[in-house]
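To start, the structure under review is shown below, and the notes come after it.
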Amino acid sequence: MQSYSKVFYAWQRVGSHNSARRILPIVFEAVRPKSVVDVGCGVGTWLDVARSLGASTVGYEGEWTKALPPTYPGLDIRAADLEQPLRAGQTFDLAISMEVAEHLSPARADSFVADLVALAPNVLFSAAVPGQGGNNHVNEQWQSYWADRFAAHGYGPRDIVRPKLRNDRGVAYWYRQNAVLYSAGQPTARAEGYDFVHPEHTAWYRLIHRRLTSGLKPGTLFRPS
């Protein structure tokens with residue numbers, strides 16, 4: 001997994017922090033986590049917000065983070081090759097992985113989800129959909145692709161973030177489009193419109209030309225589940 005540049009993380013940090021400040025309170029109200037792990041945590045933005053909400057935190061990111069001065073002092077961020085199975089040696093109340101899975105090889109998808117569910121009974125997950133675009137995206141998949149992989153472990157979707165924040169421009173559109181909480185023991189059935197392309201999707205017009213192959217019907221924002 002290749003990292004973004006230092007400049008990107010400096011630019012992205014503000015928008016990500018604002019998004020985390022709106023999303024995490026919704027999730028915390030639902031699952032009341034005392035401990036949080038972020039897999040693919042970058043410089044620790046989501047961890048910083050989780051910490052401010054009272055949770056103990058641990059993050060995992062690539063070796064490149066060792067070369068950077070701490071963005072959020074005091075965070076426990078551990079180096080890991082996310083293309084390889086994660087051996088955390090501990091469990092948490094909530095695992096987070098936000099827009100990370102699309103950077104990992106397709107062959108890693110199943111085992112990556114297995115790593116996340118081994119970490120916590122609740123997983124806040126967001127990953128880029130086809131055509132979303134971005135640096136080093138090698139496995140863009142519909143939300144249902146990931147839901148099927150969580151379902152294989154008995155984790156069902158709790159779609160509590162997207163309906164509440166769909167029109168909140170203070171949250172980056174990709175989180176409003178992709179962020180779903182998966183919980184152990186939750187029914188694995190998905191509602192109609194689970195596969196969702198937000199109207200603010202920056203690659204929307206490129207997707208119009210891919211409808212026949214993607215299964216997205218002309219004139220709709222939803223892919224049939």
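Nothing in this text is a laboratory measurement; each read-out follows from the coordinates by a stated rule. Fair warning: this is a prediction, and the values are worked out from it, not measured in the lab. Here the Cβ is made from the backbone with ideal geometry for all residues, glycine too, and neighbour counts use every protein chain on show.
Quick look at the numbers
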| item | result |
| --- | --- |
| Sole exception among (1) in contact with an Asp or Glu (Cβ under 8 Å, 6 or more places away or on another chain); (2) within 16 Å of TYR182 (Cβ to Cβ) for GLU99, by number | (1) |
| Positions within the stretch 10-41 being out of contact with any strand residue (DSSP E or B) (no Cβ under 6 Å at 6 or more places or on another chain) and not in a helix (DSSP H, G or I), in sequence order | ARG32, LYS34 |
| Of the criteria (1) in contact with a Leu (Cβ under 9 Å, 6 or more places away or on another chain); (2) farther than 21 Å from LEU24 by Cβ; (3) not acidic (Asp, Glu), which one ALA88 fails | (2) |
| Scan of the stretch 43-55 for residues that are touching a strand residue (DSSP E or B) at 6+ places or on another chain (Cβ under 6 Å) and either crowded, with 24+ Cβ neighbours inside 10 Å or over 16 Å from VAL123 (Cα atoms) (or both), ordered by number | GLY44, TRP46, LEU47, ALA50, ARG51 |
| Residue list for the stretch 67-102, filter: within 17 Å of the chain's Cα centre (by Cα) and assigned to a loop (DSSP other than H, G, I, E, B) | LEU82, GLU83, LEU86, PHE92, ASP93, GLU99, VAL100 |
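Yes/no per residue for (1) under 18 Å from ALA20 (Cα atoms); (2) among the β-branched types (Val, Ile, Thr); (3) touching a residue at least 12 places away in the same chain (Cβ under 8 Å):
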| position | (1), (2), (3) |
| --- | --- |
| HIS137 | no, no, yes |
| GLN143 | no, no, yes |
| TRP146 | no, no, yes |
| ALA151 | no, no, yes |
| ARG162 | yes, no, yes |
| ARG166 | yes, no, yes |
| VAL171 | yes, yes, yes |
